[in-house]
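In what follows, a structure is listed as structure tokens, so that the remarks can point back to it.
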């Protein structure tokens, strides 16, 4: 900001200098024949340059003001040179406040204090403030933190962490002047760091989570009791049967890529659920599946999932452990290896399901070039356009999470899908209601509905 | 039965803890500690991954089967094994610091190869864009027009025909709305999948959906 403002100022100065000096240094002499035409033109030019110069000067002043506001170092220097600080004696800080840090796991106190009387941003003789802490069971104080006085702060705040939870701590602030004199502030009352047991600012999230869980479990219960649930068709998932069948007919393997993310990514979990269903189908068709892995934790899981699927399908002898393998955990090396597998093994179908990043297009385009049926699914919004372009079917966003239930046709899982859909409708209605009420609040120029915004706001750990 | 129940129990306890800690500040230190466990699991799994790589490529290089023939792509496997061995030895013998053989091999071979793969994206993008922008339907035409406006808007630093503004509007309004709609579904889908896994409704990852 400072440097940008500075550059701006110098650039404007150059413009100003150029325009002012131009007539002096080198404007060509105007001939008499052209004077009649040139005069109004020159007059116009002069008027323009004068107005531009005025505007530029005004901007220089404004920019100068900005610099003063934004750059503490530059602003302090002139003030210092204009009025050297008197060597005033140090005065004690009067408003030391020590409180437990809210919404934390304990062990932290939040200390705030203002400047000593007479101190103005460290320009009137105060050099620094020292925060002294008395630990429980110790008689003496020790320095916990030092604050330079020359900061653009009216109050200093510090979170003193790594303290004993439940133990009292006492603090005081010592003002140290430039001349070496010091002044001790009064000690704070004992403060005890405590741990909190609930993020009160996340109450709305908790209510929403409880409602969501209730909906899902309610619909699962209904499905278990035999209630018929209709789920819309998803073309990409219907095509998995077709793709596996094609591979079997052609005698080629199916290539299943479970994304390149870690096991902690829900998209990877969803992909593993789909892999289980796909592997069962492949086992029944007595076909072959290739699963190259990028993550070393995902690798043994995919191996186990495919093995169990072959066992469940009744064809354990067809399971080939060498077909489920770890490649590398490097993104583009993995992409290169999988592209090589596509070109050499020529799979009949490529299933790219999970989390993908920049390698998505490399994989999908290579797959398209070998003529395989390609079904891709991801919740990575940035990669979806690539899959839509290069693949035959694309499973978009939430469909990836519905895939396992959709393919397996387990009524319990279908129940959870229905619950999710109903909850989504409620979310949409709430969003529309919130937008309408907030808009009404803006239109009425009052704040009768701003509490709705607060109610719906999701807050992080810091509150 | 135990083979299914014990993983389900572990999953339930771990999943419930992770959900609960989000609302309880006092659990934060335990959450951090559990996250550290992932590093330990990762370290062990790397050994598994390495074993997989060695096993797979060694099998390809070896003469196997009744005809004692190598895999048709055995030469690539040999290269992979040679690379793995050289890098491992270089790392163990000389370390991985600046100027070591490991670092030089990494900078001279692996980085350019990775950069090459990444650079291929440009060509794939051109090919994909060509297919996406073929005007075969009304939807494709709208897509083409929007893409052209956004591309010109990115190039144009002036205000030719107000294209940068139009480009910004397309990105900030229709595009953002569609993104958020997908994200809403994704968020609920993630939460639903997590819930199903935690409470044991979804057990496909165990290989079977039924006990």
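Readers should treat all values here as calculations from the given coordinates under stated rules, not as data from a laboratory. Please read all numbers here as calculations on a predicted model, not as lab measurements. We place every Cβ from the backbone using ideal geometry, glycine too, and count neighbours over all the protein chains shown.
Can you give the percent of C-alpha pairs in segment B:64-151 whose distance is more than 23 Å? Don't skip to the end; give the middle numbers.
Details: 2224 of 3828 pairs.
Every Cα pair in segment B:64-151 considered, those over 23 Å come to 58 percent.
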Self-check item: Separation in nanometres of the label points that stand 7 Å from Cα toward Cβ, at residue A:222 and residue B:46
Solution: 5.0 nm
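In peptide B:118-131, how many Cβ atoms from other protein chains are near each Cβ within 10 Å, on average? Let's see the in-between values first.
Values: counts 6, 1, 8, 9, 0, 3, 12, 4, 0, 6, 10, 2, 1, 4.
Rounded to a whole number, the mean comes out at 5.
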Quiz item: Cα-based Rg (one decimal) and Dmax (whole number) for segment A:327-408, in Å?
Solution: 12.4, 34
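Within 10 Å of each Cβ in A:261-271, how many Cβ atoms from other chains are there, averaged over the peptide?
Mean shielding count: 4.
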Quiz item: Given the Cα atoms of segment A:97-184, and with Rh set as the inverse mean 1/r over their pairs in the Kirkwood sense, what is Rg to Rh to two decimals?
Solution: 1.01
Quiz item: Taking R0 as 22 Å, what's the FRET efficiency between residue B:93 and residue B:116 from their Cβ-Cβ distance, rounded to 0.05?
Solution: 0.20
Quiz item: Over segment A:150-222, with a single point scatterer placed on each C-alpha, what log10 of the ratio I(q)/I(0) does the Debye formula yield at q = 0.11, 0.24, 0.28 1/Å?
Solution: -0.60, -1.14, -1.23
Quiz item: Based on the Cα coordinates of segment A:245-360, what is the per residue volume of their convex hull in Å³?
Solution: 86 Å³
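Sort A:424-434, B:140-150 by the packing proxy (mean of other Cβ within 10 Å over each peptide's residues), most packed first.
Peptide ranking by packing, descending: B:140-150, A:424-434.
So, by mean Cβ neighbours within 10 angstrom, what's the order for B:169-182, A:294-307, A:228-241 with the highest one leading? Don't jump to the answer; show the numbers that get you there.
On the way: B:169-182: 12.9, A:294-307: 22.7, A:228-241: 14.5.
My ranking of the peptides, most packed first, is A:294-307, A:228-241, B:169-182.
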Exercise. Within segment A:110-127, find all residues whose amide N lies under 19 Å from a label point positioned 7 Å from the Cα of residue A:179 along Cα-to-beta-carbon.
Key: A:116-127
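Considering every residue in A:228-235, what mean count of other chain Cβ atoms within 10 Å of its Cβ is obtained?
Neighbouring Cβ atoms belonging to other protein chains average 0 per residue here.
Can you tell me the order of A:350-360, A:332-342, A:174-184 when each peptide is scored by its average per-residue count of other Cβ atoms within 10 angstrom, highest first?
Values: A:350-360: 24.7, A:332-342: 20.8, A:174-184: 16.4.
For the peptides A:350-360, A:332-342, A:174-184, the packing ranking is A:350-360, A:332-342, A:174-184.
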Quiz item: Taking segment B:1-133 as the region of interest, what is the percent of Cα-Cα pairs per 10 angstrom bin, listed from the shortest bin to the one with the maximum distance?
Solution: 9, 17, 23, 21, 25, 4, 0
Quiz item: For segment B:81-202, what number results from the quotient of the Cα radius of gyration and 2.2 N^0.38 Å?
Solution: 1.76
